[in-house]
1. Which order results if B:208, B:383, B:403 are arranged by neighbouring Cβ count within 10 Å, fewest first?
2. Taking every pair of alpha-carbon atoms in the range B:208-314, give the share separated by more than 20 Å as a whole percent.
3. With viscosity set to 0.890 mPa s at 25 °C, what whole-number translational diffusion coefficient in µm²/s follows for chain A from Stokes-Einstein and a Kirkwood radius over Cα pairs?
4. Taking every alpha carbon pair in the range B:315-372, what does the distance histogram look like in 5 angstrom bins from 0, in percent?
5. Using a 10 angstrom cutoff on alpha carbons, build the Gaussian network for chain A and name the most mobile of A:41, A:61, A:17.
6. Testing the spin-label approximation: label points 7 Å from Cα along Cα→Cβ at residue B:273 and residue B:304. State their distance in nm.
7. Which translational diffusion coefficient, to the nearest whole µm²/s, is obtained for the range B:261-400 from the Stokes-Einstein equation, given a Kirkwood hydrodynamic radius over C-alpha pairs, 25 °C and 0.890 mPa s?
8. Is it possible to state the helix-based mean residue ellipticity at 222 nm for chain A, with each DSSP H run of 4+ residues giving -39500 (n - 2.57), the sum divided by total residues, to the nearest 500 deg cm²/dmol? What is it?
């Protein structure tokens, strides 16, 4: 998957959990959970949606690596390349 | 033969707008099945049926504003109907307004009154035949359809397997804009501002009643979460990522089991007396990003294992976020839990949602000094509070209840 495709994956995952958030207005270097007011249940739903569309395993210890959209994309790209 | 009526989804609800039927005349229905969708101040609510049988007659039509208690449909055994197929066709095509005077009076505009939608045929032709198997509709698309007054059965989906998307709904609504909008939108589209105002009104009414009528007492305790969290970490490591447990579900389960031990916390204050509830349905307070708050019930939390509850909690939160709840979730809660503190504050004292008699609040888990066995160590602590109705219980029992929650969380493997 290209970075643009991964970006779409994150966008879709967020849209399912937080439909009222306009993805394009988010700061991709700011903390995602704070910006979107995601609690732990919301965040797990986001992680599950990313897993469903990419098949990537995301262990709990890696959650800090998903803090911002930029970090998410870096992390997912690195995981993809290891497939 | 049973009459399926518009349920009351809150003390202040007078009527609801029927948005869509999910069943047709001749369909078999089972208790608990979602059969219709109704728009209320609380948003779009999926209405479940309380008996099993066959849909004999559909009385209210999409777009009708139906008072609480009015008949929506008649449910029978199916034996009395000579020819289900013959009945089904006109019901699906819906050539005439309902013959019932009450329903007809409530109806604002028959769909047939809509002007032709030339630009949209065949996608939303007014008499487009309904596909044999109903395609999926995303909850968000349903919500949008309700807002725009679009009848979903007239929308052809462009998604996977013909699933109806939000874009499809908006396309279907587009030609009905301008001066024709009112006529083409019997579901009386409310603007987001209206929903917000209606939601604030519903919260204001419930909370004012609570503070006026319920003599609250408040208790608080700090709970050491280190055992619960390390137990979770261990079992989650050994699980596939789709089967993880979150600490929220431990809290809900501990509250439900404690409510079994101290039943004065679980039930309703009705007619000047406490009516304990036989089941423990925990209302989960969820604040909406668009403003407002709902507390839908997670059912039978005392009777289900953590593994059964977790996917149900995830599903509930997801559906609420998308603006769709079920009727039983709106009305069934016997006690409420609020974790508004998760995002930052240490302590939250909830306001009881009448006619319930207790609300448990959880703050943010923070590492703090903790003294055990004469030694100071850093532990993850959570502050649990109880706001309870002094008419139904006294502080001593409330204290036992909070203590029970603490004890349960110290043995997470038994939850």
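1. Details: B:208 11, B:383 20, B:403 17.
If I rank by nearby Cβ atoms, fewest first, I get B:208, B:403, B:383.
2. On the way: 3081 of 5671 pairs.
Of all Cα-Cα distances in the range B:208-314, 54 percent exceed 20 Å.
3. On the way: Rh = 12.6 Å.
Value of D from the Cα-based Kirkwood radius: 195 µm²/s.
4. Result, from short to long distances: 4, 16, 16, 19, 21, 13, 5, 4, 2, 0 percent.
5. A:61
6. Label-label distance for residue B:273 and residue B:304, simple model: 3.2 nm.
7. Working: Rh = 16.4 Å.
Using the Kirkwood radius from Cα pairs, D works out to 150 µm²/s.
8. Working: 4 runs with 49 residues, N = 83.
Dividing the helical sum by the residues of chain A leaves -18500 deg cm²/dmol.
Any read-out appearing in this document is the output of simple, stated calculations on the displayed coordinates, not a laboratory observation. Note that this is a predicted model, so its numbers are computed, not measured. Counting neighbours? That spans all protein chains shown, and the Cβs are built from the backbone with ideal geometry, glycine included.
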